[in-house]
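Asks: Pasting in a structure now, in structure tokens, and then I'll have a few things to ask.
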Amino acid sequence: MKRRTVKHGPQPTELGLGAAQFGNLYRETTDDEALAAVDRAWDRGIRYFDTAPHYGLGLSERRLGAALARYDRDDYVVSTKVGRLLVPSPETAHRLDDGGFAVPAATRREWDFSRDGILRSFEGSLQRLGLDRVDIVYLHDPDDHWAAASTTGIDALVELREQGLVGAIGAGMNQSAMLAEFVRRCDVDVVMVAGRYTLLDDDAAHDLLPVALERGVGVVAAAVYNSGLLSSARPAADARFDYEQAPAELVARANSIADVCERHGVTLPEAAVAYPLRHPAVVSVVVGSRTATQVESNVDRYGAHIPEQLWTDLRADGLVA
């Protein structure tokens with residue numbers, strides 16, 4: 001699988017495995033399923049793996065670290081995130097986490113983009129992952145914390161990068177406008193944009209991608225299926241977009257894109273994976289997987305042949321820019 005280069009060293013594969021589901025996103029994933037998913041990803045050439053403390057209150061990091069421990073550390077790129085500290089919460093251990101993950105709420109998340117908070121979060125991630133360094137670290141969802149994240153948060157990551165404990169640094173968000181500000185104002189190497197550079201939402205093309213290309217900052221595109229609307233050949237009537245019921249007009253537009261795809265022998269999810277990788281600023285597309293079967297499907301989609309005429313026809317019909 002092809003790799004693309006990020007400043008300060010990391011070379012993620014064009015397709016990465018997102019490990020949120022290893023943290024029991026919405027429902028339980030078994031240890032064996034997570035292990036098999038990583039093994040299948042490795043067999044198919046994936047060498048970029050993304051996780052975060054937020055995913056299952058550390059469970060995703062622990063499972064990913066255990067799976068990757070059987071492989072040569074220099075052969076893969078791993079990213080995690082900081083900004084949410086995991087704090088013991090024995091008083092809530094009897095119930096499930098309220099953050100969307102099917103795990104006991106024995107810890108709680110606390111926002112903290114201070115230097116101390118970033119360093120503590122990073123140390124916890126190293127322990128859970130079983131690593132002594134991380135290739136990429138993102139500030140995680142700092143939407144309401146710009147002042148701290150863009151100063152003490154980034155400064156702490158720069159410090160870790162200078163110490164050689166972190167390769168590349170940046171931020172990961174579900175919006176593109178603030179990511180563009182991080183690129184303009186801060187010493188970042190790579191950013192992760194979720195859901196804002198897809199077949200149905202190209203907000204990042206108007207603010208983030210131009211400045212990232214100008215500054216030599218890599219962009220990782222995540223959530224390219226927009227919560228499922230683009231994950232099947234034909235979207236279901238009750239398909240979701242950005243974690244909520246998809247508006248009827250978006251379902252109709254997805255179907256129109258699928259019509260054009262079918263004329264070219266391409267499926268909607270194949271086009272969804274390929275679309276972000278056409279931009280020179282994009283270094284990887286990260287797709288979440290729970291099982292080996294899902295990994296297999298995503299790699300097959302990545303490897304599909306996409307004729308250039310497909311994009312020409314989609315532009316002519318006003319379906320993509």
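No value in this document is a laboratory result; all are computed from the given coordinates. This structure is a prediction, so every number in the text was calculated from the model and none was measured. Cβ atoms come from the backbone with ideal geometry, glycine included; neighbour counts cover every protein chain shown.
Asks: Counting only C-alpha contacts under 8 Å and six or more residues apart, can you give the relative contact order of the chain as a whole percent?
Replies: Details: 686 pairs, mean separation 59.8, N = 321.
So the answer I get is 19 percent.
Asks: Looking at the stretch 15-316, what % of its DSSP beta bridges pair antiparallel, to the nearest 5?
Replies: Numbers: 9 of 39 bridges.
Within the stretch 15-316, antiparallel bridges account for around 25 percent of the total.
Asks: If I take the Cα coordinates of the chain and project them onto the principal axes, what are the three extents in Å, biggest first?
Replies: That gives 54, 43, 38 Å along the principal axes, largest extent first.
Asks: I would also like to ask the following. What are the ³J(HN,Hα) couplings of the stretch 115-125, residue after residue, when phi is run through the Karplus curve with 6.51, -1.76, 1.60 and θ = phi - 60°? Round to Hz, x for glycine and proline.
Replies: Residue by residue, the stretch 115-125 yields 4, 4, x, 5, 5, 5, 4, 5, 4, x, 5 Hz.
Asks: Just how far, in whole angstrom, is the stretch 211-233 from the stretch 262-321 if you go by their alpha carbon centroids?
Replies: 11 Å
Asks: I've got another one for you. How much length, in nm to one decimal, is gained on full extension between Val87 and Glu308, taken as 0.36 nm per residue of separation minus their Cα-Cα distance?
Replies: Details: separation 221, 0.36 × 221 = 79.56 nm, distance 5.01 nm.
Working it through step by step, the gained length comes to 74.6 nm.
Asks: With springs only between Cα atoms under 10 Å apart, run a GNM on the chain and tell me which of His54, His279, His140 wobbles the most.
Replies: His279
Asks: Do the sum for the chain: with -39,500 (n - 2.57) for every DSSP H run of n ≥ 4, divided by all residues, what is the mean residue ellipticity at 222 nm, to the nearest 500 deg cm²/dmol?
Replies: On the way: 10 runs with 111 residues, N = 321.
Estimated from H runs of four or more residues: -10500 deg cm²/dmol.
Asks: Still on this structure, I have one more. Residue by residue through the stretch 293-310, what is 3J(HN,Hα) from phi via Karplus (6.51 cos²θ - 1.76 cosθ + 1.60, θ = phi - 60°)? Round to whole Hz and write x for glycine and proline.
Replies: 5, 5, 4, 4, 4, 5, 5, 4, 5, 4, x, 5, 7, 10, x, 4, 4, 4
Asks: In nm, give the distance between the simple-model label positions of Ala252 and Leu96, each being 7 Å from the Cα along the Cα-to-Cβ direction.
Replies: Rounded to a tenth, the inter-label distance reads 3.6 nm.
Asks: Based on the Cα coordinates of the stretch 171-315, what is the per residue volume of their convex hull in Å³? Mind showing how you got there, number by number?
Replies: Working: hull volume 16.2 nm³, N = 145.
In the stretch 171-315, the Cα convex hull volume per residue is 111 Å³.
Asks: Okay, moving on. Can you give the Rg/Rh ratio of the stretch 101-218, where Rg is from the C-alpha atoms and Rh is the Kirkwood radius?
Replies: Across the stretch 101-218, the Cα-based Rg/Rh ratio is 0.99.
Asks: Given labels modelled 7 Å from the Cα in the Cβ direction, how far is it in nm from Asp143 to Asp72?
Replies: 4.2 nm
Asks: Apply the Karplus parameterisation 6.51 cos²θ - 1.76 cosθ + 1.60, with θ equal to phi minus 60°, to every residue of the stretch 59-64 and state each ³J(HN,Hα) to the nearest whole Hz, in sequence, with x for glycine and proline.
Replies: With the stated coefficients, the stretch 59-64 comes to 4, 4, 4, 5, 5, 5 Hz.
Asks: Calculate the translational D of the stretch 244-301 in whole µm² s⁻¹ from Stokes-Einstein, where the hydrodynamic radius comes from the Kirkwood formula applied to all Cα pairs, the temperature is 25 °C and the viscosity 0.890 mPa s. Intermediate results must be reported in sequence, preceding the final value.
Replies: Numbers: Rh = 13.1 Å.
Translational diffusion coefficient: 188 µm²/s.
Asks: Further question: For a quick check: sort Val211, Val299, Val87 by the number of other beta carbons within 10 angstrom, fewest at the front.
Replies: Working: Val211 16, Val299 21, Val87 11.
By the 10 Å Cβ count, ascending, the order reads Val87, Val211, Val299.
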